[in-house]
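One structure is given here, and the rest of the page talks about it.
The values are calculated or read from the model by the stated rules, or taken from the named source; none is laboratory data. Predicted model only: the values in this text are computed from it and were never measured. Here the Cβ positions follow ideal geometry from the backbone for every residue, glycine too, while neighbour counts run over all protein chains shown. SASA here: full protein model, heavy atoms, side chains in, ligands and nucleic acids out. Shrake-Rupley method; radii C 1.70, N 1.55, O 1.52, S 1.80 Å.
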Amino acid sequence: MTQALPLFLACFTTAEHDAVLTDHPSFVEREVLVSVMDLGDGVARMQVEEAYGLQTLDHIDAIGVTLLTVDNADIAALSSEMEQDWRVEFAEPNYIYTQMAQPNDPYVGYQWNLNFIGAQDAWVTADGTGAVVAVLDTGVSEGDDGFTNLLAGYDAYYDDDDPSDRVGHGTHVAGTIAQATNNGVGVAGVAPGASILPVKVLSDNGYGSTSAIANGIVYAADNGADVINMSLGGAWYSSTQHQAVKYADQKGVVIVAATGNEFSSSISYPAALDEVIAVGAGRADGSRAPYSNTGTGIDLIAPGGDMSRDVNTDGYGDGILQETLGGYQFYEGTSMATPHVAAAAAVLISMGVDDPDEVRELLTSTARDVGSAGYDTSTGWGYLDLEAAVAAATPSEPEDTAGPAISNVGVTTDGASFRITWTTNEAGTSQIQFDGWDRLYGSTELTTSHSQGFRGSVGSSYTFSVISVDAAGNESRSSGHTVSL
């Protein structure tokens, strides 16, 4: 069942989305990804191509992986056979990954998710300005609401410079991160000041290959991305994909991915990789959405929605609402949860937190604990709390431990009598201490002008210091001064 709001287009039904998952094989036919143990002269790679009847389609030079094609071969069997070859580091099918949304229907203004994670309160401190988030998805297209800064991007699936979205999934994801906000149009994003770098790695049918995703990760890392958002996944570990993730991680990029929507007890790849922040989906009541995959490696959950519920009683299912193709639409899924965390990372990065490990620590340590106490494999460290993460990252005002600044120390003498005068830059009590004497002389009144008279012995010299204490108890001491009678 879909829910539609007046004047807006309906999105995909759940059944149509499921068809995408079943109409395609688990890997691209006749394609294999290979890493050859080469000395840099290309000879070993050429020998491997000739030995197995392969033809090169693409090189991912940064991680030393080649995409090859072969006619009429069992790719899984061929990969296994090649891995027995001493010249081959690894060989694997070009696995297919799918979008992680469970989309439903439209309209604007019902963004329970923003309040739930404290986004508006976080904006008082930072909104992501200066951070670049690469959205590796079906592409991104700009509508009436649009983005504060949409960069040019790249299409790694079709290998061109047009990362336009013809599915809607990537546009919705990008909107969750950085929809134009406070512009009098449509809806808001979690990090509205962030820039979006669109990298199309999924086809116009919503699926993609290992090679496209790996190329997309490398492109994002090489083109200024601070954060990579992957609202996609598959059940297969890929060495190629892992190499690309490591490449981006070593460049200091925060990588965020969806755990998947299969009601499974294991999370999808690339979310399951150690370098990736794995995000599950939460409901509007703070619980985990039932479709959200669980398992070791999940870091936290974030608003993903549940269209079967209306916790906020606004008359619509609790999906995540953003602008996408044809209007404003409610989607649900771990795809929707993931950009909340990517946007939160962008906000922290805009505050100067630029270490991926520190970003992960801030997000997980400030998450609201749900489920079992502490870490658990259903919800990780808890539910994203952007307001708390920003507060934890905000440097506190340095404590003022300096006492009043003492100046204008002067001495007037009259025979055996003398008077010491001085001023302080703030109100404080000020007293005199003579060298060799423990006793303090002076007033305990809080003031900025100070004076104290003494009687000594003619022919004697006295060395003293001024000690001043402010109302907070912070003490300062002047250098030594000498008076001779």
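Side notes on the structure shown:
- Output for the range 26-59, where each listed residue is of a type in the set (Asp, Glu) and not in a loop (DSSP other than H, G, I, E, B): 29, 31, 49, 50, 58
- Residues (in contact (Cβ under 8 Å) with a residue 60 or more places away in the chain, open to solvent by less than 30 Å² (accessible area, probe 1.4 Å) and not in a loop (DSSP other than H, G, I, E, B)) located in the range 350-375: 356, 359, 363, 364
- Considering only residues in the range 381-392 that are part of a helix (DSSP H, G or I) and of a type outside the set (Gly, Ala, Ser), the one that is most open to solvent (accessible area, probe 1.4 Å) turns out to be 387.
- Every test in (1) closer than 24 Å to residue 94 by Cα; (2) open to solvent by 30 Å² or more (accessible area, probe 1.4 Å) is passed by residue 314 save one, and that test is (1).
- Which numbered condition residue 158 fails, given (1) surrounded by fewer than 19 Cβ atoms within 10 Å (Cβ to Cβ); (2) modelled with pLDDT under 90; (3) not acidic (Asp, Glu): (2)
- Test: residue 240 is in contact with a His (Cβ under 7 Å, 6 or more places away or on another chain) and open to solvent by less than 10 Å² (accessible area, probe 1.4 Å): no
- Test: residue in the range 341-349 that is open to solvent by 10 Å² or more (accessible area, probe 1.4 Å), touching a residue at least 60 places away in the same chain (Cβ under 8 Å), in a loop (DSSP other than H, G, I, E, B) and of a type in the set (Val, Ile, Thr): no
- Taking the numbered list (1) at pLDDT 90 or above; (2) open to solvent by less than 40 Å² (accessible area, probe 1.4 Å) in turn, residue 19 passes all entries but (1).
- Residues that are closer than 16 Å to residue 191 by Cα and either open to solvent by 10 Å² or more (accessible area, probe 1.4 Å) or assigned to a strand (DSSP E or B) (or both), drawn from the range 130-141: 130, 132, 133, 134, 135
- Scanning the range 431-454 for residues that are assigned to a loop (DSSP other than H, G, I, E, B) and over 15 Å from residue 468 (Cα atoms) gives 435, 436, 437, 438.
- Wholly enclosed strands (runs of 3 or more DSSP E) of the range 142-240 bearing at least 1 residues more than 23 Å from the chain's Cα centre (by Cα): 207-209
- Checking each residue in the range 438-485 for being aliphatic (A, V, I, L, M) and either closer than 14 Å to residue 422 by Cβ or open to solvent by less than 50 Å² (accessible area, probe 1.4 Å) (or both) picks out 466, 467, 469, 483, 485.
- Residue list for the range 245-272, filter: among the aromatic types (Phe, Trp, Tyr) and not in a loop (DSSP other than H, G, I, E, B): 247, 269
- Cβ-Cβ distances below 8 Å connect the following pairs, each with a first residue in the range 182-197 that is within 11 Å of residue 114 (Cα to Cα), a second residue that is among the charged types (D, E, K, R) and buried (at least 19 other Cβ atoms within 10 Å of the Cβ), and a separation of six or more residues or different chains: 187/145; 187/323; 191/127.
- Some residue of the range 393-413 being in contact (Cβ under 8 Å) with a residue 60 or more places away in the chain, closer than 29 Å to residue 130 by Cα and buried (at least 24 other Cβ atoms within 10 Å of the Cβ): no
- Of all residues assigned to the range 177-199, at least one qualifies as being open to solvent by less than 10 Å² (accessible area, probe 1.4 Å) and farther than 20 Å from residue 325 by Cα.
- In the set (1) out of contact with any Leu (no Cβ under 9 Å at 6 or more places or on another chain); (2) of a type outside the set (A, V, I, L, M, F, W, C); (3) surrounded by 24 or more Cβ atoms within 10 Å (Cβ to Cβ), residue 170 fails one condition alone, (1).
- Any chance residue 378 is loosely packed, with under 14 Cβ neighbours inside 10 Å, outside any strand (DSSP E or B) and out of contact with any Pro (no Cβ under 7 Å at 6 or more places or on another chain): no
- Matching residues, the range 87-118, being hydrophobic (A, V, I, L, M, F, W, C) and modelled with pLDDT of 90 or more: 88, 90, 91, 112, 114, 116, 117
Residues are listed down the side, and each one gets a yes or a no for (1) open to solvent by 40 Å² or more (accessible area, probe 1.4 Å); (2) in contact (Cβ under 8 Å) with a residue 40 or more places away in the chain:
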residue: 215; (1), (2): no, yes
residue: 218; (1), (2): no, yes
residue: 230; (1), (2): no, yes
residue: 249; (1), (2): yes, yes
residue: 254; (1), (2): no, yes
residue: 262; (1), (2): yes, no
residue: 270; (1), (2): no, yes
